[in-house]
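Since the structure comes first, as structure tokens, the remarks are kept for the end.
The values are calculated or read from the model by the stated rules, or taken from the named source; none is laboratory data. It should be emphasised that the depicted structure is a prediction, and the values quoted were computed from it without experimental measurement. Please note: Cβ atoms are built from the backbone with ideal geometry, for glycine as well, and neighbour counts cover all protein chains shown. Ligands, DNA and RNA are stripped out before the accessible areas are found, and what is left, the full protein with its side chains, is counted by its heavy atoms. Shrake-Rupley method; radii C 1.70, N 1.55, O 1.52, S 1.80 Å.
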Amino acid sequence: MEVILGIDLGTTNSEVAVVQGGRPILLSDDGDPIVPSVVGLDPAGRLLVGRAARNQFVMSPERTVRSIKRKMGQDVTVPLGDQSFTPQEISAIVLRALKERAEKALGRPAAKAVITVPAFFNESQREATREAGELAGLEVVRIINEPTAAVLTYDPHPPEMERLLVYDLGGGTFDVSIAQVEQGVVEILSSHGDTSLGGDDFDQLLFDLVSSRFETEHGIDLRGSLVARSRLFSAVEEAKKRLSSEPVTVIEEAFIAEKDGMPVNLSMEITREEYERLIEPLLTRTLKCLDDAMEDAHLQAQQIDKVLLVGGATRTPLVHRLLGSRLGRPVHSEIEPDLAVAMGAAVQAGLIAGIEVGAVLVDITPYTLGIEVLGVQAGFESEYCFSPIIERNTPLPATRTEIYSTTADYQKEARIRIFQGEGEDTRLNALVGEFIIQGLADVPAPNQVLVRFDLDLNGILRVTATERATGLVRQVVIDNMMERFRKRMHAGALARIESLFDEWSERGESQETPEGTGEVLESGPMVGGGPSHLAEDDSELRDAIREADALIGKAGRVESGAHADDAAELQGLLADLRSAMARRSLDDIRRISAEVENVVFYLEDR
Ligand code: AMP
């Protein structure tokens, strides 16, 4: 049977899964199923993907790209080293790494995939995702919504009909969906969301807080330096995660800036309470979406049987509290919030491949699609009236046709502008494409034109306009941004990604550096000994950094029980050690590690 991969292409992390033995399993490398959605180039221009790329972000942000999902569907490029890449190309690199990981784990080629997207991704964003798949050498057999995928990991045969609420808060997007599961049929009743709200925004708020406090204290704006900025971003993200399990945390970064030729360290305490005050307004926005989804599904809170928390940011305790109080009962994660979407994508892939996994999916469109017409709005004639053709929450696939008329006599052509959204005025909605039907019959108005919308299971729309009198589909000129973009970029992009991967595939994913070192061991210029000694030095350096990392963890535990003077001395040494790690100075790491070890030994003994 052919292999179809299930892929969660996330803002922060991505995963790949397949169905084996009737169950979805995640494919991992060295036991870790998570691939950070980060792409980089090392100083020699070699490709880095996943953890290796994420680890170099702090020191080399100009050679690293992260959170590219937020730019999918936009006609932009992002710089990476001295080159620039489209969002599709960057996503394609992540997908290609997942494909290779899967092929290695399965021992056979994998050419097809189901890829998940936020329910609220629009046409361009979905097309861009499909294109990224193609550039990665994958045929994208289906694009499914992330919350829908999460529901597929649940038992499709509950003893009684169940209604599930999926609250999906990832790095960059938020979705809430309500599903009904009964006798193997999973039906999505409603979906709402915000494509630009997620854990990254929490990081930004914390970043702003810390940098303004730092500026007040030291008169230095950390936002002015790219390296300081990226170091601080990584530090606040880690602090944010710690605040999910600890009431207070200290953000520490040695030598983050310089003043009068002297290094300045960052050391700032943040309480969970302060952090929660920062993010509460954003979480309140998610509750508004939740209310809308409940209203669309015609349900009250007490009619929800289960709540599924999906996405890493749902580990935030305030999410549990706010959701619990809105739903009138405690809320907790039943599944790994990071992994459910990929597993659900694998279930969908299994269903397409004809594997018995026991669920039939009825998905919906979470937004209304229609065209712009002349009409009357609030008593006045307006050229911006939105005429819905496929209403929000319509089950997929959906086909709807509406009749429209020309307004001018002998009108030769009509422009069809397609919008997505819920506003009565098209200026409130998103333009997703437009085309002109040309060569209409030479007749007085009204001349009828049928506009047909076909929305497929991927949420991708095809529009056809037909002149009713002649029965012929007239020349349709699609003037879609993605279409133009695609033609221009596709051919070159394929060759470029292929050449980047030539060398990466040989090195293999497992050559990634250990997590948490903040280092890319294969990058060269700062390591002593010159290029000819790099390989040897690297392995020693790798071991030294790993040991130093463990030592820092141990020192942190000892420090909490130490006398203030001893703790301060230890902190100073740890700052030196981190700096030596950042400089990749093997001698210094060894020397300072030995000193730290002595102090830790002394403190443990007391
Ligand atoms: P996802 O897109 O589902 O991988 O979610 C990634 C987001 O979850 C990022 O913003 C992470 O910083 C955030 N995240 C991961 N772990 C935690 C945690 N323990 N507490 C709070 N946020 C987290």
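In table form, for the structure just shown:
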{"item": "Filtered residues of the range 320-333 (kept if over 15 Å from Arg277 (Cβ atoms) and not hydroxyl-bearing (Ser, Thr, Tyr))", "result": "His320, Leu323, Gly324, Arg326, Leu327, Gly328, Arg329, Pro330, Val331, His332"}
{"item": "Per-region count, the range 388-444, residues more than 19 Å from Thr195 (Cα to Cα) and part of a loop (DSSP other than H, G, I, E, B)", "result": "18"}
{"item": "Answer residue from the range 333-355, given it is within 14 Å of the ligand (Cβ to nearest atom) and in a loop (DSSP other than H, G, I, E, B) and is nearest to the chain's Cα centre (by Cα) among those", "result": "Asp338"}
{"item": "Residues located in the range 176-207, provided they are within 16 Å of the ligand (Cβ to nearest atom) and without any contact (Cβ under 8 Å) to a residue 60 or more places away in the chain", "result": "Asp203, Gln204, Phe207"}
{"item": "Within the range 253-299, considering residues that are within 24 Å of Asp203 (Cβ to Cβ) and of a type in the set (Asp, Glu), the one surrounded by the most Cβ atoms within 10 Å (Cβ to Cβ)", "result": "Glu253"}
{"item": "Sole exception among (1) in the same structural domain as Asp75 (by TED's automatic domain parsing); (2) in contact with a strand residue (DSSP E or B) (Cβ under 6 Å, 6 or more places away or on another chain); (3) surrounded by 24 or more Cβ atoms within 10 Å (Cβ to Cβ) for Ala136, by number", "result": "(2)"}
{"item": "Positions within the range 111-142 being in contact with a Leu (Cβ under 8 Å, 6 or more places away or on another chain) and of a type in the set (A, V, I, L, M, F, W, C), in sequence order", "result": "Ala111, Ala113, Val114, Ile115, Val117, Ala132, Leu135, Ala136, Leu138"}
{"item": "Of all residues making up the range 319-332, the number that are within 16 Å of the ligand (Cβ to nearest atom) and either of a type in the set (S, T, N, Q) or surrounded by 15 or more Cβ atoms within 10 Å (Cβ to Cβ) (or both)", "result": "5"}
{"item": "The range 229-245: number of residues that are open to solvent by 70 Å² or more (accessible area, probe 1.4 Å) and either part of a loop (DSSP other than H, G, I, E, B) or in the same structural domain as Glu62 (by TED's automatic domain parsing) (or both)", "result": "1"}
{"item": "From Glu253, Glu258, Glu246, Glu269, residue being of a type in the set (D, E, K, R) and at pLDDT 95 or above", "result": "Glu269"}
{"item": "Residue in the range 215-228 that is crowded, with 20+ Cβ neighbours inside 10 Å, within 16 Å of the ligand (Cβ to nearest atom) and within 24 Å of Ser67 (Cβ to Cβ) present", "result": "no"}
{"item": "Residue in the range 249-256 that is of a type in the set (Gly, Ala, Ser), away from the ligand (no atom under 16 Å from the Cβ) and over 30 Å from Gln303 (Cβ atoms) present", "result": "yes"}
{"item": "Filter result for the condition that a residue is under 17 Å from the mean Cα position of the chain (by Cα) and either open to solvent by 10 Å² or more (accessible area, probe 1.4 Å) or not acidic (Asp, Glu) (or both), over Val65, Val58, Val19", "result": "Val65"}
{"item": "Every pair of residues 6+ apart whose Cβ atoms lie under 9 Å, when the first sits in the range 234-248 and is more than 21 Å from Arg66 (Cα to Cα) while the second is near the ligand (Cβ under 6 Å from one of its atoms) and open to solvent by less than 30 Å² (accessible area, probe 1.4 Å)", "result": "Leu243/Thr316; Ser244/Thr316"}
{"item": "Any hit, the range 380-388, residues being under 27 Å from Leu95 (Cβ atoms), surrounded by fewer than 22 Cβ atoms within 10 Å (Cβ to Cβ) and either away from the ligand (no atom under 16 Å from the Cβ) or of a type in the set (D, E, K, R) (or both)", "result": "no"}
{"item": "Residue identified as under 30 Å from Asp75 (Cα atoms), at pLDDT 80 or above and surrounded by fewer than 16 Cβ atoms within 10 Å (Cβ to Cβ) among Arg400, Arg452", "result": "Arg452"}
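Each row is one residue, and each column tells you yes or no for (1) farther than 18 Å from Gln348 by Cβ; (2) within 16 Å of the ligand (Cβ to nearest atom); (3) out of contact with any Ser or Thr (no Cβ under 6 Å at 6 or more places or on another chain).
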residue	(1), (2), (3)
Arg46	yes, no, yes
Pro61	yes, no, no
Pro79	yes, no, yes
Ser91	yes, yes, yes
Arg96	yes, no, yes
